Amino acid sequence: MAYETILYDIIDDVAVIKMNQPKTLNAMTTQMGEELLDAVWRAEKEARAMLVGSVGRAFCSGANLAEGGIDLTDPNRDMGGNLDGIFNPIIYQMRAAQIPVVTAVKGPAAGVGCGIALAGDMIVAGENAIFFQAFSKVGLAPDGGSSYLLVKAIGRPRAMEMMLLGPKLKAPQALEWGMINRVVGDDEVDDRALDLARELARGPRSLGIIKRVAWAALDASFETALSNERVAQREAGRTEDFGEGVAAFRDKRPAQFKGR
């Protein structure tokens, strides 16, 4: 697929994906969603870590409601139509990818953009980044996985406040609430996120396995989590990287992992 609304590059085994419609604050269109989904699928095959960020002063300002196709005279209109085919698969694939995903958030991450930002395994935000559940302001309900991701990350009361009242949550408070991992200077977001993604890309194959059991634990009983860990440990123990890790430990040298 040729990309017109996003950028895609491989840097040091990191697939760097950037939404690239700065004039609209990277408002999500059907085309951007299709291209982003393709890039996320592609990244898992071509890289050892993934970075999802943006060009310009915003991460993503939410769905582009100015885009044509909304018939306000149709009482049977379905505003969830794009969720099944495009936007939900983006969130799901970011979670399911067998490589770590870092999101780099500058400026507003609103609506579906908030969901994409929070779907990262690790989230780096600029000091003036804003997380905004804009849905109630236009009479819609949360999407982009936000209802799940927020409740799991910050608990029901705080998630309810964000979804019902729609406050613009600034990055320092999001960090205090445990919603994101790191806050850095606005002009450092891309570089610091890439440094983190590079570090993850140098890690062992087991990072993808760790990610899988961590996400699965959100919905699992304690017994199921233990069982998942048992299966994961068997899988990780059979990787080449485990052999390298043990050899490096015995030789008292840094491990040189290859992601296999």
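Cβ neighbours within 10 Å, averaged per peptide: list 185-194, 51-60 in order, most packed at the top.
Working: 185-194: 17.7, 51-60: 24.0.
Output ranking for 185-194, 51-60: 51-60, 185-194.
With r as the distance between the Cβ atoms of Gln256 and Arg42 and R0 = 25 Å, compute the FRET efficiency 1/(1 + (r/R0)^6) and round to 0.05.
Working from the Cβ atoms, E equals 0.45.
What figure in square angstrom, to the nearest 10, would you give for the accessible area of Glu44 with a 1.4 Å probe?
The accessible area of Glu44 comes to roughly 50 Å².
Run the dipole for the range 147-260 about the Cα centre, Lys and Arg Cβ at +1, Asp and Glu Cβ at -1, nothing else charged, and hand back the magnitude in debye, nearest 20.
So the magnitude is around 380 debye.
Could you pull the accessible area for Val246 with a 1.4 Å probe, rounded to 10 Å²?
Rounded to the nearest 10, that gives 40 Å².
With every protein chain kept in place and ligands, DNA and RNA left out, what is the accessible area per residue of the chain? Probe 1.4 Å, answer in Å².
With all protein chains present, the chain gives 51 Å² per residue.
So what's the range 114-260 giving for Rg/Rh, alpha carbon basis, Kirkwood Rh from the mean inverse pair distance?
With Rh from the inverse mean 1/r over Cα pairs, Rg/Rh is 1.06.
Relative to the Cα centre, what is the charge dipole magnitude of the chain, using +1 at the beta carbon of each Lys and Arg, -1 at the beta carbon of each Asp and Glu, and rounding to the nearest 20 debye?
780 debye
Please give the contour-minus-distance gain from Ala217 to Ala141: 0.36 nm per residue of separation, less the Cα-Cα distance, rounded to one decimal in nm.
Numbers: separation 76, 0.36 × 76 = 27.36 nm, distance 2.61 nm.
Length difference between fully extended and current span is 24.7 nm.
Cut-off 12 Å, label point 7 angstrom out along Cα-to-Cβ of Ile210: give me the residues of the range 112-133 whose amide nitrogen falls inside.
122
Using +1 at the C-beta of Lys and Arg and -1 at the C-beta of Asp and Glu, which of Ala63, Pro108, Ile210 has the Cα lying farthest in the positive direction of the dipole of the chain?
Ranked along the dipole, the leading option is Ile210.
In what sequence, largest accessible area first, do Asp195, Asp38 appear using a 1.4 Å probe?
I get Asp195, Asp38, largest accessible area first.
Measure out, as a whole number of angstrom, how far apart the alpha-carbon centroids of the range 125-164 and the range 228-254 sit.
For the range 125-164 versus the range 228-254, the Cα centre distance is 38 Å.
Please find the FRET efficiency linking Glu240 to Asp191, where r is the Cβ-Cβ separation and R0 is fixed at 25 Å, and quote it to the nearest 0.05. Each step should come with its number before you reach the end.
Values: r = 31 Å, r/R0 = 1.23.
Calculated transfer efficiency: 0.20.
Taking all protein chains as present, what is the carbon and sulfur share of the accessible area of the chain, in % to the nearest whole number, probe 1.4 Å?
Carbon and sulfur atoms account for 52 percent of the accessible area of the chain.
When the convex hull of the C-alpha atoms of the range 130-197 is computed, what volume per residue in Å³ does it have?
Residue-normalised Cα hull volume stands at 100 Å³.
With each run of n ≥ 4 DSSP H residues scored as -39500 (n - 2.57), what mean residue ellipticity at 222 nm is computed for the chain after dividing by its residue count and rounding to the nearest 500 deg cm²/dmol?
Working: 10 runs with 111 residues, N = 260.
Computed mean residue ellipticity for the chain: -13000 deg cm²/dmol.
What does the convex hull of the alpha-carbon atoms of the chain project to on average, in nm²?
Quarter of the Cα hull surface area: 15.3 nm².
Between Ala247 and Glu176, what is the label-point separation in nm under the 7 Å Cα-to-beta-carbon projection?
For Glu176 paired with Ala247, the spin-label model returns 5.0 nm.
Quick one: pull the percentage of alpha-carbon pairs in the range 205-251 with a separation above 12 Å.
The calculated P(r) of the range 205-251 puts 63 percent of pairs beyond 12 Å.
With each label point set 7 Å from Cα along the Cα-Cβ vector, what nm distance links Asn128 and Met1?
Calculated label separation equals 3.2 nm.
Comparing Ile116, Ile86, Ile99, which has the greatest mean-square fluctuation in the GNM of the chain with Cα pairs linked when under 10 Å apart?
In this elastic network of the chain, the residue with the biggest mean-square fluctuation among Ile116, Ile86, Ile99 is Ile86.
The values are calculated or read from the model by the stated rules, or taken from the named source; none is laboratory data. From a predicted model like this one, the values you see are computed outputs, not experimental measurements. Note that each Cβ is placed from the backbone with ideal geometry, even for glycine, and that neighbours are counted across all protein chains shown. Remember, those area values only see protein heavy atoms, side chains included, never the ligands or the DNA or RNA. Shrake-Rupley method; radii C 1.70, N 1.55, O 1.52, S 1.80 Å.
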